[in-house]
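Step one of this worksheet: look at the structure below.
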Amino acid sequence: MNQGIPDLIKAVLTHKPRFEMAFYPGTYHAFATEGGPVYNETAAKDAWERTVNFFRKYLG
């Protein structure tokens, strides 16, 4: 896990109270790039659904 995540969370909570974070163990950067070498369909679909729901909730 990235060692900078605790500092990132602290900064986000200080400046932007609306945020969500999800971890996808066993995935790599670009895991949502369909057809890419590290594509993970399950994680990609979950991440997309979470993103859309977040936008709907906070942006309308």
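The values are calculated or read from the model by the stated rules, or taken from the named source; none is laboratory data. Because the structure is a prediction, the values reported are computed rather than measured. Ideal geometry is used to build each Cβ from the backbone, glycine not excepted, and the neighbour counts take in all protein chains shown.
With respect to K45, determine if the residue is surrounded by 10 or more Cβ atoms within 10 Å (Cβ to Cβ) and at pLDDT 95 or above.
yes
Could you look through the stretch 12-60, keep only residues that are outside any helix (DSSP H, G or I) and among the hydrophobic types (A, V, I, L, M, F, W, C), and pick out the one that is nearest to N2 (Cα to Cα)?
F23
Output the residues belonging to the stretch 24-42 that are within 25 Å of R56 (Cα to Cα) and surrounded by 10 or more Cβ atoms within 10 Å (Cβ to Cβ).
Answer for the stretch 24-42, where residues must be within 25 Å of R56 (Cα to Cα) and surrounded by 10 or more Cβ atoms within 10 Å (Cβ to Cβ): Y24, A30, F31, A32, T33, N40, E41, T42.
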